[in-house]
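S.K.: Please see the structure below; I have some questions.
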Amino acid sequence: MGRRLIIAGGGIGGMAAALALEREGIAVNVFERAPAFAEIGAGMSLWPNATRILRSWGVLDPLLETSETVTHFDLLRPDGGTISTIPMGGFDTPAVCLHRADLHRVLMRALSPGCVVPDRRLVSFTHGADIGVTADFAGGPSVRADGLIGADGVHSVVRARLHGPSDPIFRGYCIWRGIGPETPGGSRGHITETWGRGQRFGVMPMGGGRVCWYATRNGPAAQADGDKGRKSEIQGLFAGWHRPIQELIEGTNASDIIKNDAQDRRALPRWSRGCVTLLGDAAHPITPNVGQGACMAIEDAACLAKSLRGEPDLAAGFAAYEEARRGRTTFVGRQSRRIGAIGQLENPIVVAARNLVTRAVLFASRDMTLNSVYGFES
């Protein structure tokens, strides 16, 4: 009888892990707490370090049909002036922007029938070297398997059971996300992020006439919406900023605007215990300042499958996977946190200096910085 694994969490990380493991001949079931997979979420970016893996899995081409290739990343001032421009050529696979639901759908379609089980919320589990794992679900029967992978996000039940409960760390600002219509005169293939004082606004064309946008503002955790509502508040915060910011906000349905706190967690000294391990945001949640959250989960999935290839001892395979990934994910998380802190600076004198220094540093170290993140191969 072959090895069987359980994955808790049917997000991008869980689906990617399932696909990578199935390609190694490992039987997998993904248990997702949501009763159904809907067209929810916002836009996202996938960079060459992730699209390279997706190509090797045979799922990149269908994604390219519903996404927009990134040709440049432009860092701007609120008046539209350029701080720096980074061309995104020179990699063997493209960077793309797309709707999260499109990536999720492509990954799910590549899995075997019955692999994903919705409406099953993990509540607890027991595990041991000789007994494998028994996972207990709310309102459903327990499931036994050889091992468990926690891909259940920043509030992971698996992580809490392994390492004790703890709260994510709030990083001082909130983030809004929405999807608006493409505006006339927009630059195709250009991701832009505009840096103000304690506020940022990002624009990511996704293809198909859709543009994902995000906005940030310094403040306390769990900021309440303004008196006139979420959409009106964002319009007021970014009044006078360059086009097409106001047009994008105006063209977005107010009920579709998502608001979250920027948060992550301190790096764990270890992810795995015996036949249980963590993946993606459950292991190493990062702030969304370098567009690498999903990319790190995809890298994790590829590395996990590689570490289990031909390894008869599941615990040893999990340990090897963790050892290979901890340094990389810690580095990317630290970089994202630093970039977020720099982008959220408020003092006008410091902001002016920041823009000048950022322009000089990116120009001097652009290729080295890009290659360290996007040139990575698992």
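S.K.: If LEU60 meets every condition in (1) surrounded by fewer than 15 Cβ atoms within 10 Å (Cβ to Cβ); (2) over 17 Å from GLY43 (Cβ atoms) apart from one, which number is that one?
M.R.: The failed condition is (1).
S.K.: Considering only residues that are surrounded by 22 or more Cβ atoms within 10 Å (Cβ to Cβ) and over 12 Å from the mean Cα position of the chain (by Cα), which ones fall in the stretch 263-274?
M.R.: TRP271, SER272
S.K.: Across the stretch 238-258, what is the total count of residues that are surrounded by fewer than 19 Cβ atoms within 10 Å (Cβ to Cβ) and either part of a helix (DSSP H, G or I) or among the charged types (D, E, K, R) (or both)?
M.R.: 7
S.K.: Another question about this same structure. Scan the stretch 13-20 and give yes if some residue there is surrounded by 18 or more Cβ atoms within 10 Å (Cβ to Cβ) and either farther than 20 Å from SER307 by Cα or polar (S, T, N, Q) (or both), otherwise no.
M.R.: No: zero hits.
S.K.: A further question follows. Going by the structure shown, is PRO78 touching a Phe, Trp or Tyr at 6+ places or on another chain (Cβ under 8 Å), surrounded by fewer than 24 Cβ atoms within 10 Å (Cβ to Cβ), of a type outside the set (Lys, Arg) and at pLDDT 95 or above?
M.R.: It is true that PRO78 is touching a Phe, Trp or Tyr at 6+ places or on another chain (Cβ under 8 Å), surrounded by fewer than 24 Cβ atoms within 10 Å (Cβ to Cβ), of a type outside the set (Lys, Arg) and at pLDDT 95 or above.
S.K.: Still on this structure: Consider only pairs whose beta carbons are under 7 Å apart and that are at least six residues apart or on different chains; among these, list those whose first residue lies in the stretch 349-378 and is modelled with pLDDT of 70 or more and whose second residue is of a type in the set (S, T, N, Q) and in a helix (DSSP H, G or I).
M.R.: Final answer for the pair search is VAL373/ASN49; TYR374/ASN49; PHE376/ASN49.
S.K.: Among the candidates GLY196, GLY186, GLY164, GLY150, which residue alone is more than 23 Å from the chain's Cα centre (by Cα) and within 30 Å of ASN29 (Cα to Cα)?
M.R.: GLY164
S.K.: I'm trying to understand the selection: among the residues of the stretch 199-250, which are more than 16 Å from LEU76 (Cβ to Cβ) and of a type in the set (Gly, Ala, Ser)?
M.R.: Those that are more than 16 Å from LEU76 (Cβ to Cβ) and of a type in the set (Gly, Ala, Ser): GLY207, GLY208, GLY209, GLY219, ALA221, ALA222, ALA224, GLY226, GLY229, SER232, GLY236, ALA239.
S.K.: Test of understanding: among ASP261, ASP227, which residue is assigned to a loop (DSSP other than H, G, I, E, B) and out of contact with any helix residue (DSSP H, G or I) (no Cβ under 6 Å at 6 or more places or on another chain)?
M.R.: Every option except ASP227 fails the conditions.
S.K.: Name the pairs: first residue in the stretch 222-233 and of a type in the set (A, V, I, L, M, F, W, C), second residue outside any loop (DSSP other than H, G, I, E, B) and surrounded by 14 or more Cβ atoms within 10 Å (Cβ to Cβ), Cβ to Cβ under 8 Å, at least 6 apart or on different chains?
M.R.: Here the result reads ALA222/ASP261, each pair linking the stretch 222-233 to a residue that is outside any loop (DSSP other than H, G, I, E, B) and surrounded by 14 or more Cβ atoms within 10 Å (Cβ to Cβ).
S.K.: Looking at the stretch 278-292, I want the residues that are over 15 Å from PHE73 (Cα atoms) and have a partner that is assigned to a strand (DSSP E or B) and β-branched (Val, Ile, Thr) with Cβ atoms under 9 Å, at least 6 apart or on another chain. Which pairs are those?
M.R.: LEU278/ILE149; LEU279/ILE7; LEU279/ILE149; ALA282/ILE149; ALA283/THR277; THR287/ILE175; PRO288/ILE175
S.K.: Exactly one of these conditions fails for ARG266: (1) in contact with a Lys or Arg (Cβ under 9 Å, 6 or more places away or on another chain); (2) closer than 20 Å to PHE170 by Cβ. Give me its number.
M.R.: Checking ARG266 against (1) in contact with a Lys or Arg (Cβ under 9 Å, 6 or more places away or on another chain); (2) closer than 20 Å to PHE170 by Cβ, the one that fails is (1).
S.K.: On to the next question. Quick test of your reading of the structure: ILE169 fulfils all but one of (1) over 27 Å from PRO78 (Cβ atoms); (2) touching a Gly at 6+ places or on another chain (Cβ under 6 Å); (3) not small (Gly, Ala, Ser). Name the failing condition by number.
M.R.: (2)
S.K.: Sticking with this structure for a sec: Given THR277, THR252, which one is within 19 Å of GLY317 (Cβ to Cβ), touching a helix residue (DSSP H, G or I) at 6+ places or on another chain (Cβ under 9 Å) and of a type in the set (S, T, N, Q)?
M.R.: THR277
S.K.: Just give me the residues in the stretch 269-287 being over 20 Å from LEU308 (Cα atoms) and modelled with pLDDT under 95, in sequence order.
M.R.: PRO269
S.K.: Going by what's in this entry, would ALA129 be described as at pLDDT below 95, among the small types (Gly, Ala, Ser) and within 30 Å of ALA254 (Cβ to Cβ)?
M.R.: No, not satisfied.
S.K.: Which one is nearest to THR51 (Cα to Cα), of the residues in the stretch 299-342 that are touching an Asp or Glu at 6+ places or on another chain (Cβ under 9 Å) and polar (S, T, N, Q)?
M.R.: THR329
S.K.: Which residue is nearest to the chain's Cα centre (by Cα), if the candidates are limited to the stretch 199-231 and must be closer than 16 Å to GLU346 by Cα and among the hydrophobic types (A, V, I, L, M, F, W, C)?
M.R.: Looking at the filtered set, the residue picked out is ALA215.
S.K.: Taking the stretch 112-160 on its own, how many of its residues are in contact with a helix residue (DSSP H, G or I) (Cβ under 8 Å, 6 or more places away or on another chain) and basic (Lys, Arg)?
M.R.: Residues meeting the conditions: 1.
The values are calculated or read from the model by the stated rules, or taken from the named source; none is laboratory data. From a predicted model like this one, the values you see are computed outputs, not experimental measurements. Here Cβ is always computed from backbone atoms with ideal geometry, including for glycine, and neighbour counts include all displayed protein chains.
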